[in-house]
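Novice: I am attaching a structure below and will ask some questions about it afterwards.
Only the coordinates and a few stated rules stand behind these numbers; no lab work does. In this text, all values refer to a predicted model and were calculated from it rather than measured experimentally. Neighbour counts run over all protein chains shown; Cβ positions are idealised from the backbone, glycine included.
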Amino acid sequence: MSEENNHNNYHDNNFNLNEAPGYALLLQVRAASFDYAVVNDGRLLLYVQNTAIDELANPKYLKSLLSANYKKVVVGLPVSGLTLIPNSLYSDAHAAGYARFLDVGEDEKVLVQPLDSENKIIYKTSTGIISTVEKFGLQNAVYIAKGWIKAIADSYPTNDKLFLELGDQNVHFLHFLSGKLRFYNTFEFKNPDELLYFTALVCEELNLNNQDVNLFLSGNVSSGDAQMNRLKDFYPKVELNDLRVVELPDRVAPHKMLPLVALSLCESSEEL
């Protein structure tokens, strides 16, 4: 929904597919498209946005890249519903009961994974997506925002910060209290007014004052676009999130890359 063209890519001249055993391949999958990146020793080598999902399912142009023997592969999976359960309350015996709250359809699969050191995430995604990515090893599949959440958690966020990750038609909200995850949720929105509405709703629930809260935006947003300007109408402290988890070239905006490259912080899933 950003007014800026979102079809960006980057290719480092030092990228060499023959050296894939030392690289990490990161895939951020959505229903109709995916983004991918290759990282080596904490440096971005390759980045492409908005590739048709058919190329992931049946690669033609990317066959060599997607089938290379990488040191590490991380696949971020999209969701159509989720819930968080603290580890202290979670039980494998009750996993099916938790899943019933998600209203799972016949064409959906439920996954249970650690979100952080204190919470499990239970979420559903389409069986079609699962079939598309299982060739990479389902143990390498994680919730799509897990890296973003971990990157922010590792940055020692203060209580006055609210983090927003904007997709094409959804927004993720993240808040920490005393360094621990306090709130995480996602909402679908269609325009800047709806984005503002959900931001106000979250701030009210968390008792965050408009004048004091700092909003940090990443994803499909640009400085001065309609979404950012609408938030600034009510929140004086709004800025792009410049957090970097890998070394980036000057032409690549950190806030655009954060959700994808932060997948490099994720390890193989413990549960599926």
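Novice: Answer yes if at least one residue in the range 252-266 is free of Cβ contacts under 8 Å to residues at least 24 places away in the same chain and touching a helix residue (DSSP H, G or I) at 6+ places or on another chain (Cβ under 8 Å), and no otherwise.
Specialist: No - not one qualifying residue is present in the range 252-266.
Novice: Continuing with this model, one more query. Anything in the range 232-247 that is without any contact (Cβ under 8 Å) to a residue 24 or more places away in the chain and in a loop (DSSP other than H, G, I, E, B)? List them, or say none.
Specialist: Result: Asp242, Arg244.
Novice: While we're here: Could you list, in sequence order, all residues of the range 49-67 that are within 14 Å of Leu17 (Cβ to Cβ) and of a type outside the set (Gly, Ala, Ser)?
Specialist: Initial filter on the range 49-67 (within 14 Å of Leu17 (Cβ to Cβ)): 59, 61-67.
Pro59, Tyr61, Leu62, Lys63, Leu65, Leu66, listed by residue number.
Novice: Same structure, new question: Being touching a helix residue (DSSP H, G or I) at 6+ places or on another chain (Cβ under 8 Å) and touching a residue at least 60 places away in the same chain (Cβ under 8 Å) is the filter here; which residues of the range 43-65 pass it?
Specialist: Leu44, Tyr47, Ile53, Leu56, Ala57
Novice: Then there's this: Determine which single condition Asp35 fails, assuming it passes every other condition in (1) of a type outside the set (Phe, Trp, Tyr); (2) touching a residue at least 12 places away in the same chain (Cβ under 8 Å); (3) surrounded by fewer than 16 Cβ atoms within 10 Å (Cβ to Cβ).
Specialist: (3)
Novice: Filter the range 89-113 down to the residues that are touching a strand residue (DSSP E or B) at 6+ places or on another chain (Cβ under 8 Å) and among the polar types (S, T, N, Q) and list them by number.
Specialist: Of everything in the range 89-113, just one residue is touching a strand residue (DSSP E or B) at 6+ places or on another chain (Cβ under 8 Å) and among the polar types (S, T, N, Q), namely Gln113.
Novice: Still on this structure, please answer the following. Give me a count of the residues in the range 248-266 that are more than 14 Å from Lys150 (Cβ to Cβ) and assigned to a helix (DSSP H, G or I).
Specialist: Result for the range 248-266: 4.
Novice: How about the range 15-36: which of its residues are part of a helix (DSSP H, G or I) and acidic (Asp, Glu)?
Specialist: Of all residues in the range 15-36, those part of a helix (DSSP H, G or I) come to 17-22.
Glu19 - this is the single residue of the range 15-36 that is part of a helix (DSSP H, G or I) and acidic (Asp, Glu).
Novice: Would you pick out the residues in the range 185-203 that are under 10 Å from Val171 (Cα atoms) and among the aliphatic types (A, V, I, L, M)?
Specialist: Leu195
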